[in-house]
Amino acid sequence: AGFVTFLVTLAIGAMMIALGTTAARTVSQSAAYTVATEFKSGHFATMHGILILPALAWLVTFADWTESRRVKVIALACVGYVLAAGVVVVETFTAVNPFAPVQGPLIMSLLTGAGLLSLLTAAGLAIAGVRRAQWIPVLDQPDQSSDRLLQQEPTSRLA
């Protein structure tokens, strides 16, 4: 999902560059920076999936969960991210300001909220899973406990 949304980002960015280049050649240099500003929010929303989703997938590797549970949490994050970013892209291309939810259709705001809630729930589950994980100390000999290791006197290498 992160890579697919990144491809959408590249397409939106290429379109913004094409519009800016056309404006720079036909109107003026300053027009190149203002002609595609309405597409910035869609470009922004889709760009960050390639950062957020792999970081979350890396984070759940530290939880002591089964592989199927990890996949379910990441799938929840992917669905949430794609839903929220997809709504922002649709709003971008329909000239609705995604940062003014009162002006747009209510269903778009609800879908964006549901996507963000899903993504934040997955992140919260991942953080909680890592915090609850049992960290087992690595010992030289399996019969030694960490308490016995702490009670031993340090030995000198010179002796």
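The values are calculated or read from the model by the stated rules, or taken from the named source; none is laboratory data. Fair warning: this is a prediction, and the values are worked out from it, not measured in the lab. Every residue, glycine among them, receives a Cβ derived from its backbone with ideal geometry; neighbour counts consider all protein chains shown. Just so you know, the surface numbers come from the protein's heavy atoms only, side chains and all, with ligands and any DNA or RNA stripped out. Shrake-Rupley method; radii C 1.70, N 1.55, O 1.52, S 1.80 Å.
Side notes on the structure shown:
- Selection of region 91-126 for residues being closer than 16 Å to Ile12 by Cα and either among the small types (Gly, Ala, Ser) or at pLDDT 90 or above (or both) yields only Ala95.
- Given (1) surrounded by 13 or more Cβ atoms within 10 Å (Cβ to Cβ); (2) outside any helix (DSSP H, G or I), index of the condition Gly115 fails: (2)
- When Leu56 is tested against (1) of a type outside the set (D, E, K, R); (2) touching a helix residue (DSSP H, G or I) at 6+ places or on another chain (Cβ under 7 Å); (3) surrounded by fewer than 18 Cβ atoms within 10 Å (Cβ to Cβ), just one condition goes unmet, and that condition is (3).
- Residue match in region 67-77 (condition: of a type in the set (A, V, I, L, M, F, W, C) and modelled with pLDDT under 90): no
- Selection of region 84-112 for residues being in contact with a Leu (Cβ under 7 Å, 6 or more places away or on another chain) and surrounded by 19 or more Cβ atoms within 10 Å (Cβ to Cβ) yields Ala84, Val87.
- In region 15-37, the residues that are without any contact (Cβ under 8 Å) to a residue 12 or more places away in the chain, open to solvent by less than 60 Å² (accessible area, probe 1.4 Å) and either within 26 Å of Val130 (Cβ to Cβ) or assigned to a helix (DSSP H, G or I) (or both): Ala18, Thr21, Ala24, Ala31
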